[in-house]
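Asker: Sharing a structure with you now.
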Amino acid sequence: MDEQQKLRELEDEMIINEAFQKLIDTYLASKHRKKTEIITKAFNFAKQAHKGVRRRSGEPYIMHPLAVAQIVCQEIGLGSTSICSALLHDVVEDTDYTVEDISNIFGPKIAQIVDGLTKISGGIFGDRASSQAENFKKLLLTMSEDIRVILIKIADRLHNMRTLGSMLPNKQYKIAGETLYIYAPLANRLGLNRIKTELEDLSFKYEHPETYKEISDKLQSSQIERKNVFEDFITPIKKRLDEMGFTYRIEDRIKTPYSIWNKMQTKHVAFEEIYDILAVRIIFTPIIPAEELNECFDIYVSMCKIYKSHPDRLRDWISHPKANGYQALHTTLMSNHGEWIEVQIRSERMNDVAEQGFAAHWKYKEGGGSEDEGELDKWLYTIKEILDDPQPDAMDFLDTIKLNLFASEIFVFTPKGEIKTMPQNSTALDFAFTIHTFLGSHCIGAKVNHKLVPLSHKLQSGDQVEIITSKSQHVTSEWLNFATTAKAKSKIMAILRKEQRLAQKVGEETVTEFLKGADIDASTINVEKLCKFHELQTREELYIAVGNKKITLGEPDLDILREKSQNTNAWKRYLTFSFTTGKTKKDEKEVGNKKKVETKDIDRKKPLELTEDSIQDSYIIADCCKPIPGDDVLGFIDNNNQIIIHKRQCPVASRLKSSYGNRILAAKWNTRKKLYFPVNIHLEGIDGVGVLNSITEVISRQMNVNIHRLSFETNDGIFEGNIQLYVHDVEDVTTICKNLKKIEQIKSVIRTEK
């Protein structure tokens, strides 16, 4: 046994030293100052601190910090300070060493970053991670102090995703879900394009393994055909670039399984109907560095002489870079095979920023600052503003931030011609809050391109916007319906909360004076009686309603408090309310039909088995996504200890995974085509005699399936129809859709949730 132990330790030592040597080699090959002594010191310190500890996969724990440091150095392009922080990022949390110890040995900068990373860890893989939204809030707070904290955190998450196979299925869904919900859009916003793409793809792989494999296999089988199209397309381009004297490389960019699946979901199309799987990327070294931008356009013009360009698909991210620093010229050209192919033209510098993000060129990077700092500064400032008055509910806060993380951008001009970058679908109200909170809170309308528009007017790229204000205007809760940016929403909510606090104070004083005037004690019991009488849940709600003059206290209230009016409607109203549970009829029905689950009896290491009996007796099928046997699903334990079954890609489930990860359960179907489940199918096609008859024949006679509901509309020879059927599982739906597509007039058949 001792010999085996020694052998294993020697093997571990070899693997660890190889990984460290690779890290040092990568660092020495970079443009950073060669501060290898401090990196070696950090490695030896972390190795000693984690000695004897292993990861779930069985490998020595130090391999994780080494892998994170490798990502930080190689894939994000950061220097020695970040590499040391990555090596030490788990030391304070997992060992007896403190931040003070790190500061004494490695200095205050590294200690500050390690401290920031420790604050936001919170046991991502443990049951302690009940609310990732809270972690995310901490992460953004530390990020505004030092951007390297967030970059190392993203590297940490990337390595965790790469090694997710060793985790239990319910943990996989939780971690994959929060990665897709939080970390991928954050990486995208920081310009870490390659990392964003890998995070999305890995999340998809663990949440939908069968679909991931299916799409990957189809990509593999069509690889040779794509290669031929690519080679044929770039041959004349290479010849032209050689004539122009450029040093360049041309790459083919293939859509990832996740982005293909995402498009299949949003456009409701099959794999075979996605035509932009292949894109071409031209990366060149400028002949004259000062003429870099002009040379991009020279290449574009020469491309258009070879192939016809699509008039509506030129994207100029060169003159107006994206907020994350991305620069490139995108055009779409018609190939000789009759296919539209997107071509991205960018210089080597632009490519570095596109792949690693401008955060890699941040002012903390050894060797100085970056010209891209302005945009990152602006973004960090926006986050700081939101954090000054965060929503009390962590999920609301997270959603508000995500509005800006996911957003594509438009460019809008002020009356003086100053350009403002805003998320797509921004309204005139959003623009007003972007300029100044006072302007937003007193905004009554706007002039867009000199035409008067309401606050809810959606802005387009290139619009010139002038805000019209009035001192008498005040913020209303309705504004939240058409504010889309994180800044506008957070400011509106902050103003409304301030007004509510004021109303609550006035209301409390009014209630107290009313009770004193009637010689009634202003006790908690009496105030609660008033709450019940007015059908309000809390004292705060009562005070706000009174403060806003929505409730005026009078004689009926006194009758209730003095218990005089045994026969009045008011007394009956009070009695009725006191015996209700506060649940809706739907809630009562669900609670009545389903058993509450003893969560301590659930084996979280095994997936829930969804059988005919358990579906009917123990679990609730979520109404938001209506999963049926064959769908990838998970379970969620709600506040009533009931288990709700959701589709894994359901938007509601995405929120739950990122906020209540410890309540997520893996689940699998085990039904035997006994129960029937409702599904909705949407059809589109060319109208003609007998179409409806053909559809019903396929469903009723061929498939022997019951039609529950049927509705069709025809307009100018085109029909749209919705059918609700009762089926056993996804296999039934797939067969029905396949058979319906065989009908000549039908052009599209998709399963929908509504």
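Asker: Do you know which residues across the range 198-213 are in contact with a helix residue (DSSP H, G or I) (Cβ under 8 Å, 6 or more places away or on another chain) and assigned to a helix (DSSP H, G or I)?
Answerer: Matches in the range 198-213: Glu198, Leu199, Glu200, Asp201, Leu202, Ser203, Phe204, Lys205, Tyr206, Glu207, Thr211, Tyr212.
Asker: For the range 443-484, how many residues meet the condition of being out of contact with any Lys or Arg (no Cβ under 6 Å at 6 or more places or on another chain) and in a loop (DSSP other than H, G, I, E, B)?
Answerer: 20
Asker: Looking at Tyr326, is it more than 17 Å from Ile234 (Cβ to Cβ) and touching a residue at least 40 places away in the same chain (Cβ under 8 Å)?
Answerer: Here the answer is yes, as Tyr326 does meet what is asked.
Asker: Give me the residue from the range 260-280 that is touching a residue at least 60 places away in the same chain (Cβ under 8 Å) and crowded, with 18+ Cβ neighbours inside 10 Å and, out of that set, nearest to Ser222 (Cα to Cα).
Answerer: Leu278
Asker: Name the one entry in Asp25, Asp12 that is under 19 Å from Gly77 (Cβ atoms), of a type in the set (Asp, Glu) and outside any loop (DSSP other than H, G, I, E, B).
Answerer: The conditions single out Asp25.
Asker: Go through the range 251-309 residue by residue and tally those that are of a type in the set (Val, Ile, Thr) and outside any helix (DSSP H, G or I).
Answerer: So the answer is 11.
Asker: If I filter the range 301-325 down to residues being of a type in the set (Val, Ile, Thr) and over 20 Å from His337 (Cβ atoms), which single residue comes out as modelled with the lowest pLDDT?
Answerer: Ranking the candidates gives Ile318 first.
Asker: Could you look through the range 616-654, keep only residues that are assigned to a helix (DSSP H, G or I) and either of a type in the set (S, T, N, Q) or surrounded by 18 or more Cβ atoms within 10 Å (Cβ to Cβ) (or both), and pick out the one that is modelled with the highest pLDDT?
Answerer: Ala653
Asker: A follow-up question, please. May I ask you to say which residue of Ser309, Ser319 is exposed (fewer than 15 other Cβ atoms within 10 Å of the Cβ), of a type in the set (Gly, Ala, Ser) and on the phi < 0 side of the Ramachandran plot?
Answerer: Ser319
Asker: Could I ask something else about it? Out of all the residues in the range 719-731, is one or more closer than 21 Å to Asp631 by Cβ, of a type in the set (Val, Ile, Thr) and either free of Cβ contacts under 8 Å to residues at least 60 places away in the same chain or surrounded by fewer than 18 Cβ atoms within 10 Å (Cβ to Cβ) (or both)?
Answerer: Yes: one or more hits.
Asker: Also: Looking at (1) in contact (Cβ under 8 Å) with a residue 24 or more places away in the chain; (2) under 27 Å from Asp557 (Cβ atoms), which one does Arg501 not meet, given that it meets all the others?
Answerer: In the conditions (1) in contact (Cβ under 8 Å) with a residue 24 or more places away in the chain; (2) under 27 Å from Asp557 (Cβ atoms), Arg501 misses (1) alone.
Asker: Another one. Pairs needed: first member in the range 617-645, in the same structural domain as Ala176 (by TED's automatic domain parsing); second member anywhere, surrounded by fewer than 21 Cβ atoms within 10 Å (Cβ to Cβ) and in a strand (DSSP E or B); C-beta distance under 8 Å; at least 6 residues apart or different chains.
Answerer: none
Asker: Being over 26 Å from Gly107 (Cβ atoms) and surrounded by fewer than 13 Cβ atoms within 10 Å (Cβ to Cβ): is that true of Arg8 here?
Answerer: For Arg8, the condition - over 26 Å from Gly107 (Cβ atoms) and surrounded by fewer than 13 Cβ atoms within 10 Å (Cβ to Cβ) - is met.
Asker: Could I ask something else about it? Only residues that are buried (at least 18 other Cβ atoms within 10 Å of the Cβ) and within 38 Å of the chain's Cα centre (by Cα): list them for the range 501-519, please.
Answerer: Ala503, Gln504
Asker: Here's another thing I want to ask about it. Please pick out the residue among Ser700, Ser658 that is without any contact (Cβ under 8 Å) to a residue 24 or more places away in the chain and part of a helix (DSSP H, G or I).
Answerer: Ser700
Asker: Taking Glu243, is it under 15 Å from the mean Cα position of the chain (by Cα) and either not assigned by TED's automatic domain parsing to the domain that holds Gln649 or not aliphatic (A, V, I, L, M) (or both)?
Answerer: Spelling it out, it is not the case that Glu243 is under 15 Å from the mean Cα position of the chain (by Cα) and either not assigned by TED's automatic domain parsing to the domain that holds Gln649 or not aliphatic (A, V, I, L, M) (or both).
Asker: Still on this structure, I have one more. Among the residues that make up the range 498-505, is at least one of them closer than 30 Å to Phe438 by Cα and of a type in the set (A, V, I, L, M, F, W, C)?
Answerer: Taking every residue of the range 498-505 in turn, at least one turns out to be closer than 30 Å to Phe438 by Cα and of a type in the set (A, V, I, L, M, F, W, C).
Asker: Since Cys296 meets every condition but one in (1) buried (at least 16 other Cβ atoms within 10 Å of the Cβ); (2) under 18 Å from Lys239 (Cβ atoms), which condition does it not meet?
Answerer: (2)
Asker: Given the conditions (1) touching a Gly at 6+ places or on another chain (Cβ under 8 Å); (2) buried (at least 17 other Cβ atoms within 10 Å of the Cβ); (3) outside the structural domain of Asp623 (by TED's automatic domain parsing), which single one is not true for His682?
Answerer: His682 satisfies all of (1) touching a Gly at 6+ places or on another chain (Cβ under 8 Å); (2) buried (at least 17 other Cβ atoms within 10 Å of the Cβ); (3) outside the structural domain of Asp623 (by TED's automatic domain parsing) except (2).
Asker: Taking the conditions exactly as written (modelled with pLDDT of 90 or more and either part of a helix (DSSP H, G or I) or in the same structural domain as Gly325 (by TED's automatic domain parsing) (or both)), does Asp115 satisfy them or not?
Answerer: no
Asker: Could we say that Ile664 is touching a Phe, Trp or Tyr at 6+ places or on another chain (Cβ under 6 Å), surrounded by 17 or more Cβ atoms within 10 Å (Cβ to Cβ) and on the phi < 0 side of the Ramachandran plot here?
Answerer: For Ile664, the condition - touching a Phe, Trp or Tyr at 6+ places or on another chain (Cβ under 6 Å), surrounded by 17 or more Cβ atoms within 10 Å (Cβ to Cβ) and on the phi < 0 side of the Ramachandran plot - is met.
The values are calculated or read from the model by the stated rules, or taken from the named source; none is laboratory data. Predicted, not measured: the structure shown is a model, and the values here were computed from it. Don't worry about glycine lacking a Cβ; one is built from the backbone with ideal geometry, like all the others, and counts go over all protein chains shown.
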